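What follows is a set of notes on a single structure, which appears directly below.
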Amino acid sequence: MTASPDRTDMTPPAREGQGCAPRHVALIMDGNGRWAKERGLPRSEGHRHGLDALRRIIRHGVRIGLEYITIYSFSSENWSRPASEVSFLMSLLRRFVQRDLSEIHQANVRIRVIGDRQGLEPGIRALLNEAEELTKANSGMTLVVAFNYGSRDEIARAARSLAKDMAEGRIALEDITPDAIAGRLDTAGIPDPDLIVRTSGEMRLSNFLMWQAAYSEFYFCDTYWPDFDEAALDRAIADFSSRERRFGGVTAKVL
Ligand code: FPP
């Protein structure tokens, strides 16, 4: 499973048509709070079990040969949660990097972080940098961690960066193309997700990969994230493989 060397961010993914496996699966890990509530547990327990589910899914992704998994771990809107929950999610990220980084590295997984790092406390920023730095030469699956991430913020930062280059004479108005925008997003160089999975029965994108999702397939399931397991991921992938992707073209069946 190799990416074609000459494709840009804007090129539709290499694998088209029915029967293909996704290269890139993006996950909206939703339902931790409801999972905990149903069991009479504090929300933090839901997040803690959510981290266990994440570990299972990363291992499984490596096993089945996914090239990219993107996880929505903390959105730019999650700051509005109670301070104690925000602080627990920060500590969970710390725990994840401190406890799991060596296993991830040994599995030849590369970590990329997307989102606004400036808004994070220096200790968290340093951990994220360390995870990227340690794994940057790995050639297996890439785990893209969306942390303090929001699509509108990402697109606004890309627009500001292009506007600055234009104002300072480095680029012309005509240089502002879809490819140029994609190249300034946090996801520059990462192929668009083929499949976006959201757990817990909610059916929205919630400011996640809005630019990159232009041709993604969506899969929604009722399972709360802490219960999402290997078989659930296999089901999502099997569903994806049964679909026909046309990328704005027409189906071969009606030609
Ligand atoms: C959404 O569930 C989940 C989150 C906001 C956090 C996701 C975090 C994990 C899965 C754990 C791994 C974390 C890191 C940092 C690596 P929710 O709380 O909105 O659930 P609800 O909608 O049922 O309340």
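Structure summary
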read-out: Per residue convex hull volume, Cα atoms of the chain, in Å³; value: 144 Å³
read-out: Amide hydrogen neighbours beyond the local backbone of THR142, cut-off 5 Å, H modeled; value: TYR68, ILE69, ARG110
read-out: Accessible surface of ASP100 - all protein chains present, 1.4 Å probe, nearest 10 Å²; value: 20 Å²
read-out: For the stretch 142-150, 3J(HN,Hα) per residue [Karplus equation, 6.51 cos²θ - 1.76 cosθ + 1.60, θ = phi - 60°, Hz, x = Gly/Pro]; value: 9, 9, 9, 9, 8, 9, 6, 10, x
read-out: Whole-Å distance, taken between Cα centres, linking the stretch 144-158 and the stretch 25-82; value: 18 Å
read-out: Net charge over other residues, Cβ less than 13 angstrom from the Cβ of VAL109 (K, R count +1; D, E count -1); value: +2
read-out: Amide hydrogen neighbours beyond the local backbone of ILE196, cut-off 5 Å, H modeled; value: ALA26, GLU217, PHE218, TYR219
read-out: Per-residue HN-Hα couplings for the stretch 36-45 [Karplus 6.51, -1.76, 1.60; θ = phi - 60°; Hz; x = Gly/Pro]; value: 5, 4, 4, 9, x, 10, x, 3, 4, 5
read-out: Fully extended contour minus Cα-Cα distance, from MET210 to ARG160, at 0.36 nm per residue; value: 16.2 nm
read-out: For ARG112, solvent-accessible area (1.4 Å; no DNA, RNA or ligand), Å²; value: 50 Å²
read-out: Residue-normalised accessible area of the chain, given per residue in Å² at a 1.4 Å probe; value: 49 Å²
read-out: P(r), alpha carbons of the stretch 16-74 - 5 Å bins starting at zero, rounded %; value: 4, 17, 22, 19, 15, 11, 7, 4, 1
read-out: In Å², nearest 10: area of MET29 left accessible to a 1.4 Å probe; value: 40 Å²
read-out: Accessible surface of the stretch 164-255 [probe 1.4 Å, protein heavy atoms]: carbon and sulfur percent; value: 54 percent
read-out: Karplus-derived 3J(HN,Hα), 6.51/-1.76/1.60, for each residue of the stretch 211-217, Hz, glycine and proline x; value: 5, 6, 8, 3, 10, 6, 8
read-out: Over 21 Å [Cα-Cα, the stretch 111-255], rounded percent; value: 59 percent
read-out: Structure-based [θ]222 nm, the chain - -39500 (n - 2.57) summed over DSSP H runs of at least 4, per residue, nearest 500; value: -13000 deg cm²/dmol
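The values are calculated or read from the model by the stated rules, or taken from the named source; none is laboratory data. Given the structure is predicted, the values throughout are model-derived calculations rather than measurements. Cβ: placed from backbone, ideal geometry, glycine included. Neighbour counts: every protein chain shown. Heavy atoms of the whole protein, side chains included, go into the accessibility calculation; ligands, DNA and RNA do not. Shrake-Rupley method; radii C 1.70, N 1.55, O 1.52, S 1.80 Å.
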